[in-house]
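Working notes, structure below.
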Amino acid sequence: MSYARREALKAKGQKLADAWNAKHPVGTPVMAYPWVRPEDPAFDPKTVLVTRTRSVAWPLGCGEPVVLVEGYSGGIVLEHIDVISLDEYRRYGLLAEQHHQLDDPAVPDSHFYTRTGGQS
């Protein structure tokens with residue numbers, strides 16, 4: 001890849017990250033898909049993270065904009081982040097707490113829940 005192309009991708013990524021940061025402060029409730037989005041055939045519902053952002057977004061060296069979220073150690077590309085309402089975040093938190101209290105071994109870790117219903 002040429003230097004000019006790489007710099008153009010970085011500039012585009014920075015513009016996307018800046019737009020994200022202007023609308024979504026650190027602590028924004030999100031539904032994160034670290035590996036693949038639900039529309040991908042390889043999607044596994046156990047990999048969905050209902051969480052909050054813990055950083056501002058920034059572009060990687062390749063230009064892809066990413067953000068850090070609670071409960072995950074690496075950056076997740078913004079295309080794999082859906083902003084959710086505070087009510088939806090709380091609802092999933094209550095579900096996680098209830099499942100944790102039940103101590104049901106069939107229920108995945110308390111941070112992982114699939115989203116039901118339409119987009120918010």
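The values are calculated or read from the model by the stated rules, or taken from the named source; none is laboratory data. The structure presented is a predicted model; accordingly, all values stated were derived computationally and were not measured. A quick note on method: Cβ atoms are made from the backbone with ideal geometry, for glycine too, and the neighbour counts reach across all protein chains shown. In case anyone asks, the SASA skips ligands and DNA or RNA and just uses the protein heavy atoms, side chains included. Shrake-Rupley method; radii C 1.70, N 1.55, O 1.52, S 1.80 Å.
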Fill in: Condition met for S73 (open to solvent by 40 Å² or more (accessible area, probe 1.4 Å) and either of a type outside the set (F, W, Y) or out of contact with any Lys or Arg (no Cβ under 6 Å at 6 or more places or on another chain) (or both))
yes
Worksheet entry | Selection from the stretch 50-66 of residues that are among the aliphatic types (A, V, I, L, M), crowded, with 20+ Cβ neighbours inside 10 Å and over 21 Å from E39 (Cα atoms) | A57
Worksheet, complete the sentence: The lone condition R91 fails out of (1) at pLDDT 65 or above; (2) of a type outside the set (D, E); (3) under 16 Å from the mean Cα position of the chain (by Cα); (4) farther than 28 Å from A8 by Cβ is (3)
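Out of all the residues in the stretch 39-54, which are in contact (Cβ under 8 Å) with a residue 40 or more places away in the chain and part of a loop (DSSP other than H, G, I, E, B)?
So the first thing to find is which residues in the stretch 39-54 are in contact (Cβ under 8 Å) with a residue 40 or more places away in the chain, and the list is 45-51.
The one that is in contact (Cβ under 8 Å) with a residue 40 or more places away in the chain and part of a loop (DSSP other than H, G, I, E, B): V48.
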Worksheet item: Does V26 count as in contact with a strand residue (DSSP E or B) (Cβ under 8 Å, 6 or more places away or on another chain), in a loop (DSSP other than H, G, I, E, B) and surrounded by fewer than 16 Cβ atoms within 10 Å (Cβ to Cβ)?
Response: yes
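Part of a helix (DSSP H, G or I) and either basic (K, R) or out of contact with any helix residue (DSSP H, G or I) (no Cβ under 8 Å at 6 or more places or on another chain) (or both) - does that describe any residue in the stretch 55-76?
Step one: filter the stretch 55-76 for residues part of a helix (DSSP H, G or I), giving none.
The answer is no; no qualifying residue exists.
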Worksheet item: Cβ-Cβ below 9 Å, separation at least six or inter-chain, first residue in the stretch 2-16 and over 13 Å from V66 (Cα atoms), second among the hydrophobic types (A, V, I, L, M, F, W, C) and surrounded by 10 or more Cβ atoms within 10 Å (Cβ to Cβ): which pairs?
Response: R6/C62; L9/C62
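In this structure, does E97 turn out to be among the acidic types (D, E) and modelled with pLDDT of 90 or more?
Numbers: among the acidic types (D, E): yes; modelled with pLDDT of 90 or more: no.
The answer is no for E97.
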